[in-house]
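Single-structure report; data block below.
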Amino acid sequence: MEKTRAEVPTLRSKNYILRPILEEDIPQLYQLRSDPDLMKYIHRPILKEPNEAIALYRVIEQRRMSIGNINWALCTETDPTMKGFIGFAGINKENNRAELGYMIMKELQGKKLMYEVLPLLIEYGFETMNMNALTAIIDPANIASEKVLIHCGLRKEAHFREEIFFEGKYYDALHYCILKSDYKSRNTQI
């Protein structure tokens, strides 16, 4: 299998910086992924021990090196501490598709920062990675995330009932997507 080392460039919006996730961010990875409130819509195991964040960091790096997934640490201009992460997972190079994902600390929720930051990823996905479709899969109860996706031009394509099986329970999932043609059309109208 060919190695696909994805480079992680620094991206900037008006108020935020997206930079590569570093080993120094492991405590913040733990803080994010060990908080039950932050994990309630993310059907993945909650981290129980700090060393699990080290393993998560290694998985993020391994997937970047092997399949080209890219994740960024979300920071502010005045504070380089990771406040969340955002990126591309589930890269499907054969079909030029990638899945968007993000997670932010509680203190930044409700401040509409994803309205500012997610367009950076959409632009990067289409303009730099040459993807044809960017998708997002969310829990139907995650209304805030749904509003962000709609605001950024993604359209709901499906509501799959009991699509995800996690810890003995089935969960529904909403699938959102924006095509490169939608993105191009949307940007010519602005």
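Do you know which residues across region 6-51 are among the charged types (D, E, K, R) and more than 28 Å from GLU77 (Cβ to Cβ)?
LYS40, ARG44, LYS48, GLU49
Where the second residue is surrounded by fewer than 17 Cβ atoms within 10 Å (Cβ to Cβ) and basic (Lys, Arg) and the first is within 12 Å of ILE86 (Cα to Cα) and lies in region 11-24, which pairs have Cβ atoms under 8 Å and are six or more apart or on separate chains?
If the second residue must be surrounded by fewer than 17 Cβ atoms within 10 Å (Cβ to Cβ) and basic (Lys, Arg), the pairs left are LEU18/ARG12.
Starting from residues that are surrounded by fewer than 18 Cβ atoms within 10 Å (Cβ to Cβ) and in contact (Cβ under 8 Å) with a residue 12 or more places away in the chain, keep the ones in region 84-95 and report whichever is nearest to ILE21 (Cα to Cα).
Among them, the one singled out is ALA89.
Here's a check for you: in region 130-176, which residue that is assigned to a loop (DSSP other than H, G, I, E, B) and in contact with a strand residue (DSSP E or B) (Cβ under 7 Å, 6 or more places away or on another chain) is nearest to MET103 (Cα to Cα)?
ASP139
Out of all the residues in region 31-80, which are of a type in the set (S, T, N, Q) and either surrounded by 13 or more Cβ atoms within 10 Å (Cβ to Cβ) or more than 24 Å from LYS111 (Cα to Cα) (or both)?
GLN31, SER34, ASN51, GLN62, SER66, ASN69, ASN71, THR76
With the condition being in contact with a strand residue (DSSP E or B) (Cβ under 9 Å, 6 or more places away or on another chain) and within 25 Å of TYR171 (Cα to Cα), I'd like the strands (runs of 3 or more DSSP E) fully within region 1-120 carrying at least 3 qualifying residues.
Passing ranges, in order: 84-92, 97-104.
When residues of region 121-148 are filtered for being polar (S, T, N, Q), farther than 19 Å from LYS184 by Cβ and buried (at least 16 other Cβ atoms within 10 Å of the Cβ), how many remain?
1
Among the listed residues HIS151, HIS175, which satisfies the condition of being in contact with a helix residue (DSSP H, G or I) (Cβ under 6 Å, 6 or more places away or on another chain) and surrounded by 13 or more Cβ atoms within 10 Å (Cβ to Cβ)?
HIS151
Readers should treat all values here as calculations from the given coordinates under stated rules, not as data from a laboratory. On a predicted model such as this, the values are computed, not experimentally measured, just so you know. Counting neighbours? That spans all protein chains shown, and the Cβs are built from the backbone with ideal geometry, glycine included.
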